[in-house]
Protein chains: 2
Amino acid sequence: MLNLFQYNWQVRDDWFDWCTYVSEEELLRARVGGRGSILHNLFHIVDVEQAWIRGLKGKSEFHYDFNDYSSLKSTRELSMKCRPEVKDYVKNWSNEIGNLKLDEFSYGEVIRHVIAHEIHHIGQLSIWSRELGLKPISANLIGRGLI
Amino acid sequence: MLNLFQYNWQVRDDWFDWCTYVSEEELLRARVGGRGSILHNLFHIVDVEQAWIRGLKGKSEFHYDFNDYSSLKSTRELSMKCRPEVKDYVKNWSNEIGNLKLDEFSYGEVIRHVIAHEIHHIGQLSIWSRELGLKPISANLIGRGLI
């Protein structure tokens with residue numbers, strides 16, 4: 001399971017690098033679908049991941065507000081700030097934990113949801129990238145050393 | 001691991017249903033990014049999945065040709081035709097199998113690649129759907145009974 005999170009973090013960080021070659025205006029430009037802009041997609045990925053992991057840890061639900069993170073720098077910093085807690089949680093994952101329940105969901109269901117959620121929103125970025133005439137970040141998982 | 005494949009198959013089948021409400025012309029219309037059209041994305045997902053599973057089973061590499069499957073009916077039938085072999089393989093998955101090697105890749109790396117590959121291309125469909133003014137299929141994994 002950790003491998004799939006590591007994949008998401010590598011791809012996410014590659015996209016943050018990609019963003020440095022694009023104007024903040026384009027990153028925030030309203031687009032059709034997803035969360036409505038490139039930066040909002042990235043912010044949303046970060047926010048949803050931390051929110052679910054908090055939930056699995058028994059903490060109260062908490063969401064960040066995109067209005068407070070509407071720059072590449074601040075969204076990227078938020079991603080780095082939230083990662084250690086997620087990583088600490090995921091690296092201790094086991095099939096037994098996956099059978100626990102959070103409301104009507106199993107922990108396993110939630111952790112797989114978080115993984116799929118990020119990949120889905122990254123797929124959306126790849127279309128917007130092509131629409132901008134730019135090469136998107138590779139979505140390949142093979143070849144990243146995530147054995 | 002099987003749960004993530006089941007998620008992909010549910011979502012894929014939902015998209016095939018979605019396609020029945022869209023003209024074949026729109027399904028084949030050239031679009032920016034992904035594999036270039038809605039139907040080609042779906043065909044590509046099916047083809048890549050079967051190709052990698054064949055590889056993990058020690059079979060020779062084989063790819064279908066989109067020119068032979070450029071209708072909703074034929075792509076959907078191909079998806080259904082390929083699924084049993086994939087399912088039989090994935091349901092017997094174990095961490096030990098994940099450590100085997102296929103060329104320079106581990107089996108685990110390949111199986112995670114196949115999962116992420118489909119979710120990524122489905123994310124692209126969701127943008128094209130919104131660009132068509134249509135509601136995309138939900139990408140939520142939670143709530144699908146995939147516990």
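The values are calculated or read from the model by the stated rules, or taken from the named source; none is laboratory data. Since we're looking at a predicted model, the values are computed, not measured. Here the Cβ is made from the backbone with ideal geometry for all residues, glycine too, and neighbour counts use every protein chain on show. Note: areas computed on protein heavy atoms with side chains; ligands, DNA, RNA excluded. Shrake-Rupley method; radii C 1.70, N 1.55, O 1.52, S 1.80 Å.
Listing for the model above:
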{"item": "Odd one out for B:Glu25 among (1) buried (at least 17 other Cβ atoms within 10 Å of the Cβ); (2) within 30 Å of A:Ser129 (Cα to Cα)", "result": "(1)"}
{"item": "Every residue from the stretch B:4-62 that is closer than 13 Å to B:Glu118 by Cα and among the acidic types (Asp, Glu)", "result": "B:Asp13, B:Asp47, B:Glu49"}
{"item": "Subset of the stretch A:1-21 that is open to solvent by 20 Å² or more (accessible area, probe 1.4 Å) and not acidic (Asp, Glu) - its residue that is nearest to the other protein chains (Cβ to nearest Cβ)", "result": "A:Asn3"}
{"item": "Elements of type helices (runs of 4 or more DSSP H) contained in the stretch B:25-141, each with 2 or more residues being at the interface with chain A (Cβ under 8 Å from one of its Cβ atoms), of a type in the set (Asp, Glu) and over 16 Å from the mean Cα position of the chain (by Cα)", "result": "B:107-131"}
{"item": "Residue selected from the stretch B:97-147 under the condition farther than 26 Å from A:Tyr107 by Cβ and among the aromatic types (Phe, Trp, Tyr), by the criterion least open to solvent (accessible area, probe 1.4 Å)", "result": "B:Trp128"}
{"item": "Test: A:Ser37 is out of contact with any Phe, Trp or Tyr (no Cβ under 6 Å at 6 or more places or on another chain) and surrounded by fewer than 18 Cβ atoms within 10 Å (Cβ to Cβ)", "result": "no"}
{"item": "Top-ranked residue in the stretch B:54-74 [being among the hydrophobic types (A, V, I, L, M, F, W, C) and surrounded by 11 or more Cβ atoms within 10 Å (Cβ to Cβ); ranked as farthest from B:Asp14 (Cα to Cα)]", "result": "B:Leu56"}
